[in-house]
Amino acid sequence: MKGIRTFALITLAIVLGAGAATAQPQGDFDWCGELKDFEGCVAFYTVWPGPIMPVVLTDYGSFGIGDQVHVVGEFMPDQFVICGGFEDVPVVEVSLIESCRLSWCGELFEFKGCLLFNNREGEFVGLNNVEGYMAGDVIRITGDYVMGQQLVCDGGARFAIVDVDTVEPCTLESCCRGLVDGDADQDGQLTLSDIICLVNHLFIWPNPDCCVEEANISGGPGVDLSDIIYLVNYLFLGGPPLPPIPCTGP
């Protein structure tokens, strides 16, 4: 237990800083997490992005330790509370607290050796219990975050994990806007920036602002390297023009 406590002390010191020199986090707060006991305080632990950081809320509503909740609010400037041996635990002023149960319609795709779920709200997560589904499938999931665990992909990329209770096919509105086929960055032009957008999305970090449907030249279950090669050939090597891209939205 002493080793665990020492590790917790070091981790929190890294996250929050030490003593009076700690810089209070600023800005809006809008995330899901879990309420836990932390050195005698009821603390809220965010799920993602890491590191998992304990904060104290001004209002817990009817929730208690062990509950997963969605908290909306903002950090209170220069306000901290004392939790056991920690004097600098940040405080979040709560404007909304509700159950954090998830219900999303999104698509599965492969990234750095992982099967990820794009919830179309700017978040990418790994899923438990999605046997029978594969990259390119559009599904609706319900479930909860798996607290304290992350999905580790090739190169050390880490994502939150959702424990799925129910899963079923669903229909998504396409992000295609009928501007230019292949226009992944949606600027109305087909240029190198569209290729960069796709390369980043596929191989470096998923980008919710990259409309991959606009570059699904093959019409397959999702964008892959072959679509990028096709764009490179067309833009720079005199390759064939883009075929009509099967978009489903307005």
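The values are calculated or read from the model by the stated rules, or taken from the named source; none is laboratory data. From a predicted model like this one, the values you see are computed outputs, not experimental measurements. A quick note on method: Cβ atoms are made from the backbone with ideal geometry, for glycine too, and the neighbour counts reach across all protein chains shown.
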Original post:
Restricting segment 55-95 to residues that are acidic (Asp, Glu) and either over 24 Å from the mean Cα position of the chain (by Cα) or outside any strand (DSSP E or B) (or both), which is farthest from GLY148 (Cα to Cα)?
Top reply: ASP78
**OP:** Determine whether segment 139-155 contains at least one residue that is over 23 Å from GLY33 (Cβ atoms), out of contact with any strand residue (DSSP E or B) (no Cβ under 7 Å at 6 or more places or on another chain) and in the same structural domain as PHE111 (by TED's automatic domain parsing).
**Re:** yes
**OP:** Among what's in segment 200-223 and is among the acidic types (Asp, Glu) and either over 21 Å from the mean Cα position of the chain (by Cα) or in a helix (DSSP H, G or I) (or both), pick the residue that is surrounded by the most Cβ atoms within 10 Å (Cβ to Cβ).
**Re:** GLU214
**OP:** Count, please, the residues in segment 62-118 that happen to be without any contact (Cβ under 8 Å) to a residue 12 or more places away in the chain and closer than 30 Å to TRP205 by Cα.
**Re:** 0
